[in-house]
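Down below is the structure, laid out as structure tokens.
Just so it is clear, none of the values below were taken in a lab; they were calculated from the coordinates. Because the structure is a prediction, the values reported are computed rather than measured. Note: ideal-geometry Cβ built from the backbone for every residue, glycine included; neighbour counts use all protein chains shown.
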Amino acid sequence: MYQNKSDEKRRLIIFIILTISIAWIIFLQVPVWGLKYGSGNSVLIVAAAMFAPALSNILTRLITREGFQNMCLKPHIKKYWKDYILLYFGPTVLLLLSGGFYFLIFPGSFDRSFSYLNKIAAASSNSGMTPVRLIQIQFLIFILIGPIVNIIPTLGEELGWRGYLLPKLRGLFSDRMALVFTGIIWGFWHTPVIVMGHNYGTEYAGYPWLGILAMIVFCVALGIIEGYFAMKMESVIPAAMIHSTVNAGAAFPVLFAKTGYNPLLGPSITGLIGGLPFIIVAVFLLIRVGKISRKGVRTDLQNGNGGF
């Protein structure tokens with residue numbers, strides 16, 4: 001038993017070292033090649049780094065001869081179809097609530113003239129494009145394809161975070177601690193791109209440390225939500241769906257904001273105020289997580305698998 005627990009710790013350490021090292025090497029290609037973050041080839045470089053956790057999952061299993069049991073890829077749709085319906089629409093509702101909540105707290109930040117949307121509409125090749133039509137298009141994207149539009153790259157992350165790291169931590173800690181630790185590691189993993197300006201830019205007070213801290217808080221909250229459903233539904237697919245919707249719409253509230261807002265607070269859901277609805281849901285699920293069965297967790301630890 002002690003040896004198996006030691007093996008699990010070794011696998012956990014190897015995975016964390018691999019996924020941070022691989023991703024950071026890829027992330028750092030942006031400044032190495034003198035690229036501006038968020039434009040041109042830098043977008044492709046950052047997108048490639050999203051597959052580092054999945055690659056690290058595979059490499060860790062090969063290095064430690066763990067095998068490929070419990071990859072957590074079966075969707076179990078028939079068993080959890082009601083939960084899938086909730087996950088298809090629920091994250092979009094949370095995104096809209098987050099934007100509304102931020103502007104309720106900071107009404108002066110709301111751009112009633114839709115100046116940013118007007119600029120986008122004016123730059124569009126479609127002469128009939130208007131701010132209202134842009135909003136309608138974005139809303140349809142969230143509702144109809146948000147959970148699947150980014151699912152390939154988000155699976156690249158979730159096969160590592162919720163498909164390997166979380167199950168391993170569940171074998172060593174309580175479910176609540178495992179969820180929180182997964183979120184902290186996930187948030188810290190973003191450090192190089194936060195320094196480059198991801199989500200928060202570079203012009204805020206306390207740059208880059210407060211941005212790194214805000215990202216960790218956001219990842220803990222979102223990670224609890226994703227991890228809760230991954231554990232409950234015994235698959236990483238729900239986590240990838242949530243992640244896909246969030247990636248598609250995280251910056252949507254920014255379209256309605258006046259310039260000069262504090263990115264650490266919002267209106268994007270990665271801000272501490274803009275993300276409060278997600279934080280509230282995360283706290284609620286963290287309380288409920290004790291009701292999820294841990295059947296198989298200890299058995300997997302004894303067998304050296306660590307799956308759901």
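State the extension gain, in nm to one decimal, for the chain segment bounded by residue 176 and residue 69, taking 0.36 nm per residue of separation less the distance between their alpha-carbons.
Additional length available on full extension: 36.1 nm.
Among the aspartates and glutamates, which have Cα under 17 Å from the Cα of residue 232 when same-chain residues fewer than 8 positions away are ignored?
83, 158, 175, 300
Could I get the Rg over Rh figure for the stretch 33-139? Both from C-alpha atoms, Rh via Kirkwood, rounded to two places.
1.12
Using each residue's phi in the stretch 211-228, evaluate 6.51 cos²θ - 1.76 cosθ + 1.60 at θ = phi - 60° and report the 3J(HN,Hα) Karplus result to the nearest Hz, with x for Gly and Pro.
Taking θ as phi minus 60°, the curve returns x, 4, 5, 4, 5, 5, 4, 4, 5, 5, 5, 5, x, 5, 5, 5, x, 4 Hz for the stretch 211-228.
Using amide H atoms built 1.01 Å from N in the peptide plane, name the residues 5+ places from residue 257, or on other chains, whose amide H lies under 5 Å from its own.
111
Considering Cα pairs under 8 angstrom that are at least six residues apart, work out the relative contact order of the stretch 2-303 and quote it in whole percent.
In percent, rounded to a whole number, it is 26.
Using a Cα-Cα cut-off of under 15 Å, which aspartates and glutamates could be cross-linked to residue 79, ignoring same-chain neighbours fewer than 8 residues away?
Within the straight-line limit of under 15 Å, residue 79 reaches these aspartates and glutamates: 234.
Karplus couplings for the stretch 129-141 from phi (6.51 cos²θ - 1.76 cosθ + 1.60, θ = phi - 60°), rounded to Hz, Gly and Pro as x?
Each residue's phi maps through the Karplus curve to give 6, 10, x, 5, 5, 4, 4, 4, 5, 4, 5, 5, 4 Hz.
Per residue of the stretch 106-121, in order, report the coupling 6.51 cos²θ - 1.76 cosθ + 1.60 (Karplus, θ = phi - 60°) as ³J(HN,Hα) in whole Hz, putting x for Gly and Pro.
10, x, x, 7, 7, 8, 5, 8, 6, 4, 5, 5, 5, 5, 5, 4
Quick check on my link table: of 9/74; 5/291; 119/258; 78/291, which ones sit more than 23 Å apart, alpha carbon to alpha carbon?
With Cα atoms farther than 23 Å apart: 9/74; 5/291.
With a point put 7 Å past each Cα toward its Cβ, work out how far residue 62 is from residue 85 in nm, to one decimal.
4.3 nm
For the chain, just run the numbers: alpha carbon Rg, then divide by 2.2 N^0.38 Å, N being how many residues it has.
1.02
Compute the distance in nm between two label points, each set 7 Å from the Cα along the Cα-to-Cβ direction, one at residue 133 and one at residue 47.
That separation, rounded to one decimal, is 2.6 nm.
Give me the tail of P(r) for the stretch 89-194 as a percent: Cα-Cα pairs with distance above 20 Å. Please list the in-between numbers first.
Numbers: 3565 of 5565 pairs.
Of all Cα-Cα distances in the stretch 89-194, 64 percent exceed 20 Å.
On full extension of the chain, what length is gained from residue 118 through residue 144, given 0.36 nm per residue of separation minus the C-alpha to C-alpha distance? Mind showing how you got there, number by number?
Details: separation 26, 0.36 × 26 = 9.36 nm, distance 2.44 nm.
Fully extending the segment from residue 118 to residue 144 adds 6.9 nm.
On a 0 to 90 degree scale, rounded to 10, what angle separates helix 52-63 from the longest Cα axis of the chain?
Its long axis makes an angle of about 10 degrees.
Can you tell me which of 97-108, 31-42 comes out highest on packing, and rank the rest after it, using the mean Cβ neighbours within 10 Å?
97-108, 31-42
Which of the peptides 87-95, 116-124 is most tightly packed, and how do the rest follow, judged by the mean count of other Cβ atoms within 10 Å per residue?
Per-residue Cβ counts within 10 Å, averaged per peptide and sorted highest first, yield 87-95, 116-124.
On the Cα set of the stretch 9-95, report Rg and Dmax in Å, please.
17.7, 49
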